[in-house]
Amino acid sequence: MTDLKGLHHVTAITSSAEKIYEFFTFVLGLRLVKKTINQDDINAYHLFFADDRGNPGTDVTFFDFPGSDKGIKGSDEISRIGLRVADDRSIEYWKKRLEIKGVRHDDVMTIFGRKAIFFVDFDGQRYGLFSDEGIQGVAQGMPWFKGPIPNEFAIIGLGPIFINVSNVLLMKDILTTHLKMRIVAESELYTLLEMGEGGNGASVIIEDGSAINSAIQGYGSVHHLAFRIENRRELDAWTTYFNSLRAPNSGFVDRFYFQSLYMRPYRPILFELATEGPGFIDDEEGYEILGETLALPPRFRSVRQQIEKSVRHIETTRSHHTFEKEY
């Protein structure tokens, strides 16, 4: 069983697949690399936004559950989605961009030596942009080369991810003892942990939520956080380890685009371990048209007509569109 390599993806809940597509495409400049269904609820969309080729460690994904209520922020939830940019200059670019686009945001701050800026989307989902300047660790992703953001300022991955908990000591023990992370810095508000090669793309930050009420999941909330592992062999080794602890887990789950294992070592927070591949460039979509069709893993293709009737059409064709870089 090898150490976790870093962050794989974060999956959140949105009130509108259409609005989140517009926000991530035209405001944040991330590429929709797969428009598919929630494999456990085929009536719901699952949208994957990532870097130019959908590399692991760059994905923010969204479920669009029909009729879901708005989430309530609080303790015991994955509380903020961190996104990486190359340097401090990029943070200044994004401060101006968020202002121009009318996105609510805080002032630029420094957290554990990283320049950062916090903001929210139309659902109240919380995000933070973090500078990689001077931070060594997991390699960056790549810009969406044909997107609207200048390549040098583009979002190039995940991290750090914030987790707000009512029992900080318990979460520290779970992450260090059982998920093999290491504590690298602490402040009055936060504890920073890293895995693998470290850096923003392999970091989580624990917040102390002992003084606030428990969160209630809904749109505007994060559904789960996934960590990177190399392959099925490592996935099976982690499954054996959790079984040896008698820790409830999903066992092997084949998501087609990657393979997974789910568990809740700290309830109600859901973690996933996910393999590096196979990835999003597949038999249905090549690089040029990623995210433009309703893509289905093979086991759902025999009921495509039923699925197409249950999920509304969302227009996501961009391969014919030329974005001007917005400086």
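For segment 123-134, the set of residues classified as surrounded by 20 or more Cβ atoms within 10 Å (Cβ to Cβ) and either more than 19 Å from Ala215 (Cβ to Cβ) or modelled with pLDDT under 95 (or both) consists of Leu129, Phe130, Ser131, Asp132, listed by residue number. Six or more apart or on different chains, Cβ under 6 Å: which pairs go from a residue in segment 223-240 that's acidic (Asp, Glu) to one that's modelled with pLDDT of 95 or more? Could you list them? Pairs that qualify, where the first residue is acidic (Asp, Glu) and the partner is modelled with pLDDT of 95 or more, are Glu230/Glu276.
Taking the listed residues Val85, Val108, Val120, the one that is within 22 Å of Asp59 (Cα to Cα), surrounded by fewer than 18 Cβ atoms within 10 Å (Cβ to Cβ) and at pLDDT 95 or above is Val120, with no other qualifying.
All of Ala237, Ala211 fail the test of being surrounded by fewer than 18 Cβ atoms within 10 Å (Cβ to Cβ), within 13 Å of Thr275 (Cα to Cα) and among the small types (Gly, Ala, Ser), apart from Ala237.
Among residues of segment 40-67 that are at positive phi, those with a Cβ under 6 angstrom from a residue that is crowded, with 21+ Cβ neighbours inside 10 Å and part of a loop (DSSP other than H, G, I, E, B), sequence gap 6+ or separate chain, pair up as Gly54/Phe280; Gly57/Gly157. Selection within segment 177-200: residues that are closer than 17 Å to Ser79 by Cα and modelled with pLDDT of 95 or more. The member of this set that is surrounded by the most Cβ atoms within 10 Å (Cβ to Cβ) is Asn200. Looking only at segment 260-278, decide whether some residue is of a type in the set (Gly, Ala, Ser), farther than 30 Å from Ser75 by Cα, in contact (Cβ under 8 Å) with a residue 40 or more places away in the chain and surrounded by 17 or more Cβ atoms within 10 Å (Cβ to Cβ). No, every residue in segment 260-278 fails to be of a type in the set (Gly, Ala, Ser), farther than 30 Å from Ser75 by Cα, in contact (Cβ under 8 Å) with a residue 40 or more places away in the chain and surrounded by 17 or more Cβ atoms within 10 Å (Cβ to Cβ).
The set of residues in segment 157-183 being touching a residue at least 60 places away in the same chain (Cβ under 8 Å), out of contact with any helix residue (DSSP H, G or I) (no Cβ under 9 Å at 6 or more places or on another chain) and among the β-branched types (Val, Ile, Thr) consists of Ile161, Ile174.
Taking the conditions exactly as written (crowded, with 23+ Cβ neighbours inside 10 Å and of a type in the set (Phe, Trp, Tyr)), does Phe23 satisfy them or not? For Phe23, the condition - crowded, with 23+ Cβ neighbours inside 10 Å and of a type in the set (Phe, Trp, Tyr) - is not met. Within segment 287-319, the set of residues being loosely packed, with under 11 Cβ neighbours inside 10 Å and closer than 16 Å to Trp144 by Cβ comprises Glu288, Thr317.
The values are calculated or read from the model by the stated rules, or taken from the named source; none is laboratory data. As the structure is a prediction and not an experimental result, all values here were calculated from the model. FYI the Cβ positions are ideal-geometry reconstructions off the backbone, even for glycines, and counts take in every protein chain you see.
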